[in-house]
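Visitor: Right, I'll just put the structure down here and ask away after.
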Amino acid sequence: MIEVDEKDLIRCPVCEAVNIDRGRDNRCRRCGSPIYRYTHFKTEKSWAYLITAIIAYVPANLYPMLVTTQFGKTEESTIVGGIIVMWESGSYPIAAVIFFASILVPIMKFLILVYLLINVKYPMGKDKKINKHKLYYMTEVVGPWSMIDVFVVAILAALIHMHNVEIIAGTAATAFALSVFFTLLAAQAFDESLIKENH
């Protein structure tokens with residue numbers, strides 16, 4: 001039986017198989033994919049995606065998500081504006097769901113990823129009780145919920161074909177979809193093994 005030091009093991013990014021690090025020519029024993037051990041720039045890719053997501057999130061909240069044209073009159077509503085209108089009209093559950101999915105979830109994901117990325121670079125001694133793996137998986141679990149606004153706009157635009165009523169997606173819909181997309185890329189680019197190295 002061969003004993004191998006944990007530092008000499010490397011994980012395949014494709015099939016997750018554990019392999020022995022053989023230097024430059026690393027190939028997965030299971031799927032044959034090339035494996036690279038990055039000694040530098042471990043978090044830069046994730047930072048780049050995350051910053052792009054945060055930048056896209058700003059116009060997603062400033063520009064209209066939904067543009068409604070009825071009898072020649074055009075109305076534009078932002079995410080927050082839509083939540084306020086629904087709340088005032090008595091649609092509390094819908095307003096709460098959209099607030100949770102479009103405001104709370106994206107901001108929570110940004111904060112968790114920023115915390116993990118900073119903690120990888122500058123480990124904090126006081127946060128050992130925080131399970132960083134659970135935080136990381138939380139960002140992946142809640143990811144699809146962030147797209148609720150875009151789905152609602154797409155469904156409304158497809159279903160409502162009334163005469164003199166036109167509903168189209170606003171600029172914010174594209175910005176919001178980009179923000180969610182780059183947040184998912186940021187989470188995907190984050191190397192989970194970096195969390196283990198700090199324990």
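The values are calculated or read from the model by the stated rules, or taken from the named source; none is laboratory data. Since the structure is predicted, the reported quantities are computational estimates derived from the model, not experimental observations. All Cβ positions, even for glycine, are placed from backbone atoms using ideal geometry, and neighbour counts span all protein chains on display. When the accessible area is computed, the model is the full protein with side chains, heavy atoms only, and any ligands, DNA or RNA have been set aside. Shrake-Rupley method; radii C 1.70, N 1.55, O 1.52, S 1.80 Å.
Visitor: If you go through the range 59-85, how many residues are surrounded by fewer than 17 Cβ atoms within 10 Å (Cβ to Cβ) and within 9 Å of Ala172 (Cα to Cα)?
Guide: So the first thing to find is which residues in the range 59-85 are surrounded by fewer than 17 Cβ atoms within 10 Å (Cβ to Cβ), and the list is 59, 62, 69-76, 80-81, 84-85.
Filter once more, keeping what is within 9 Å of Ala172 (Cα to Cα): 59, 62.
Of the residues in the range 59-85, 2 are surrounded by fewer than 17 Cβ atoms within 10 Å (Cβ to Cβ) and within 9 Å of Ala172 (Cα to Cα).
Visitor: Taking His199 and the conditions (1) assigned to a helix (DSSP H, G or I); (2) closer than 22 Å to Cys12 by Cα; (3) open to solvent by 40 Å² or more (accessible area, probe 1.4 Å); (4) modelled with pLDDT under 85, which numbered condition does it fall short on, given that it satisfies the others?
Guide: (1)
Visitor: Do you know which residues across the range 54-76 are assigned to a strand (DSSP E or B) and under 24 Å from the mean Cα position of the chain (by Cα)?
Guide: Taking the range 54-76 as the starting set, the residues that turn out to be assigned to a strand (DSSP E or B) are 66-70, 73-76.
Listed by number, the list holds a single entry, Leu66.
Visitor: To continue, here is another question. Restricting the search to the range 1-49, which residues are modelled with pLDDT of 75 or more and β-branched (Val, Ile, Thr)?
Guide: Once the filter is applied, which keeps residues that are modelled with pLDDT of 75 or more and β-branched (Val, Ile, Thr), the range 1-49 yields Ile10, Val14, Val18, Ile20, Ile35, Thr43.
Visitor: Looking only at the range 105-132, count every residue that is part of a helix (DSSP H, G or I), over 30 Å from Val67 (Cα atoms) and either open to solvent by less than 40 Å² (accessible area, probe 1.4 Å) or modelled with pLDDT of 70 or more (or both) and tell me the total. Before the answer, list the steps.
Guide: The first filter runs over the range 105-132 and keeps only residues part of a helix (DSSP H, G or I), leaving 105-121, 125-127, 132.
If we keep only those that are over 30 Å from Val67 (Cα atoms) as well, we get 111-121, 125-127, 132.
The next check asks that each one be either open to solvent by less than 40 Å² (accessible area, probe 1.4 Å) or modelled with pLDDT of 70 or more (or both); those that pass are 111-121, 127, 132.
The total comes to 13.
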